[in-house]
Structure formats: C-alpha cells, structure tokens
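Okay, structure first, notes after.
FYI, it's all coordinate maths here, none of it is from the lab. From a predicted model like this one, the values you see are computed outputs, not experimental measurements. FYI the Cβ positions are ideal-geometry reconstructions off the backbone, even for glycines, and counts take in every protein chain you see.
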Amino acid sequence: MGNPMWRLATTINYLSEKVFALGREQEVEIVVADWGSFTPIAEVLELTAKGATISRFLHIPWDLAEELQDDSPFAEVYALNAAARVSKGLYVGRIDQDTLVTEDFLFRFFNTYEGKSKSRFDLHRSYMFAARKQLPYAFVKREPTLIEIDKCIRRFRNWIFNEELKFCHWASPVGILMMHRDMWEDLGGYDERLIYYWFMDVDLGTRLIKKYPIVNIGKVFGYDFFHLEHIRSGFRFRHSHRKLNPDWSKSFDKPILNPNGENWGLKQYNLQITRSAVEPIKHDSNTEKVYANQVALLSKIVWGSLRRWAWYQVKHLWYLSKKIRKKPYL
C-alpha cells in the first residue's frame, strides 16, 4: 500500500540525518535486506549523501527467495536474519522498512552504552524492545519532506498513542527490537520455519525469555519510533488473505534455543552486499513544504490515537478473559 520505495528512502534518510547530527556516523550502519528484487534496490533507491554513506544492501536473488518462501509472499524471517548476520555492529536492531528512529533514542542509547546514563541494565545480555507509534495516513500519503516529518514528530509526539500491549509489551507492534550480536548468534535469530504472517517476534521472545532478561526500552529511553502509516483507516486487509504462522509459535514451551542451527541467516549462500549505486539526492535543510493546516493534522493524530486506545482496551479485556479461563493469552 502506498509508495514503499519512498517510505524506505525516507526511513534511511531521516535516520542518517540524526546519526550525523550526533557525530555517530562511524558507529552506525543501516543494512537493507533486498528480498527477491529483479532490479536491486541499491540501483534505484534515492538516498541523500548521508543516507548512502551509512547504508549497505544485501540482495537475495529471486530464484533463492522463491525457493525459500515457498507459498508465502515474503519470508521475512530469512531476510531479517540475513541482514542481522552480515551487520558489523555490536548491537543489532530490527525495524520495519518504514519506521523512523529519532535522535532522542540514539542519544539515550549511546549514553547508556558509554555509562553516562542512570539507566541500569545489562545491555550485553538484554533483549531490548519498544513499541511503535503511528504517523497518520493522511499525512504520510502526501510524502512529506524530512523537515515536515521532523516537525510533526516534535510538535505532536505526546499526542500520538504508543501501541504497547500492557500485558506483554514485547508482543506489541515493533518499534525496535534490539540485542547484542552474541545474543543473535546464540538464538540463531528468528525461527526460519515461520515464513508466514505474524508471531515471529513473539516466538523470539518466548524462546529467549528463560535465558535473557527482556527490557522495555520504550519506558527506559522513550517511545521514539514512528511508523509511516500506509493503510487508510477502515481498510482491512491483514487477515483476509494472509496465511498465518502456526499457533505453536506463541507457546512458551520451546526446549530449543536456536532452531536454525549454525547456518542461520543464509550463511551457506554467497550473497552480494553493495552500496547505493544511485547519485545522491540533495537535502536542503532550509527548505520545506508547509502543511497547510496544523489543526487538521493534530485532529487526525488525536482521532487516530483515540481509535487505537479504544482498540487496545478491547485487547486488554480479551487478555483478562483468557487469564480468567486459564487459556494461553498470546
């Protein structure tokens, strides 16, 4: 839905601006898993010079992608694992292609890593998770500039509902999921049998929870992850035609920590990883389009937040009913 290439480019360009603003460009990289594109994304995606500098693209060719995904339209677990495996950083964070990461998160994370923060948890051994917030579809569909997006976040972030499930925060829609690369290796990443829709993040949490602490970094650092909504309100597609992953993926009874073995993340394949091949676009920080009606934008944000809040109350009642009946709640 919408323009996925614009959303991906915007996510990369936005994050790169924040990384460079903090002077962390030597410490942060962005790895994009390009799943089955006939023309590699690196050859067409329009990035700023900053975005191109810190980004790499891992191309999984169509013949391999088709084999691995079987009858699924997208075997995301393979793509995410492959990107995590080829990354170079000590800490590997997974975000969706259209989730914006703010400067506030980067600042607080690095402060904690460098011992400058009062936050006290073991980064090396913690599974870090934060729920996301949503920028409204009516705003996103206009393909706003980076400055428009940044101003929207700065002005209205406190009005935007975070999609955290209070009864199990790590089963919420993902803002970011992050852990030390040693943990990725120990777990083998996502279970590569879960090639369909939903529950792959839940499965990861239910596998690791017996060995590693789970930290809600939304509460610790702030809910600083904003999804570029690309589905208009009332449009229901998620469950109508997608095959879901099996129910066992939600079970806490998982005796095997790493179900994928040592070749997790497509280790056995010689995959190509490249830099952007497109001439960088210009980003003039002094130029912006003006969103004509800030009141209208705020009203859309508030209305969207109220709808989501109401829906999450329903989810919580559903959870309570499951607990009372002693049924699995995930």
Handout entry: If the convex hull is drawn through the Cα atoms of the chain, its volume per residue in Å³
Key = 143 Å³
Exercise for the section: Under a cut-off of 19 Å between alpha-carbon atoms, report the lysines in cross-link reach of K88, not counting same-chain residues fewer than 8 places apart. Expected result: K50, K267
Practice task
Would you mind working out the magnitude of the charge dipole of the chain relative to its Cα centre, with +1 at each Lys and Arg C-beta and -1 at each Asp and Glu C-beta, to the nearest 20 Debye?
Solution key: 1860 debye
Practice task
Between beta-carbons, use under 9 Å as the cut-off and find the net charge around Q134, counting Lys and Arg +1, Asp and Glu -1.
Solution key: +1
Exercise for the section: Grab the other residues whose beta carbon is less than 14 angstrom from that of A83, score K and R as +1, D and E as -1, and report the net. Expected result: +1
Fill in the blank from the handout: Which residues qualify? For A131, with a placed amide H closer than 5 Å and at least 5 residues away or on another chain, they are G175, G218
Practice task
Output the relative contact order of region 4-324, whole-number percent, from Cα pairs under 8 angstrom with separation of 6+ residues.
Solution key: 27 percent
Problem - Cβ-defined net charge surrounding N258, 15 Å radius [Lys, Arg +1; Asp, Glu -1] - result: +1
Problem - Sites C168 and M5 - FRET efficiency at Förster radius 22 Å, r taken between beta-carbons, to 0.05 - result: 0.05
Practice task
Per DSSP H run of at least 4 residues, take -39500 (n - 2.57); add these up for the chain, divide by its residues and hand me the 222 nm value, nearest 500 deg cm²/dmol.
Solution key: -11000 deg cm²/dmol
Completion exercise
At q = 0.15, 0.26, 0.27 1/Å the base-10 log of I(q)/I(0) from the Debye formula over the alpha-carbon atoms of region 68-138 is -0.72, -1.33, -1.36
Problem - Rounded FRET efficiency, nearest 0.05, which uses the C-beta distance separating Q294 from H124 and R0 of 35 Å - result: 0.20
Practice task
In nm, give the distance between the simple-model label positions of S37 and N158, each being 7 Å from the Cα along the Cα-to-Cβ direction.
Solution key: 4.0 nm
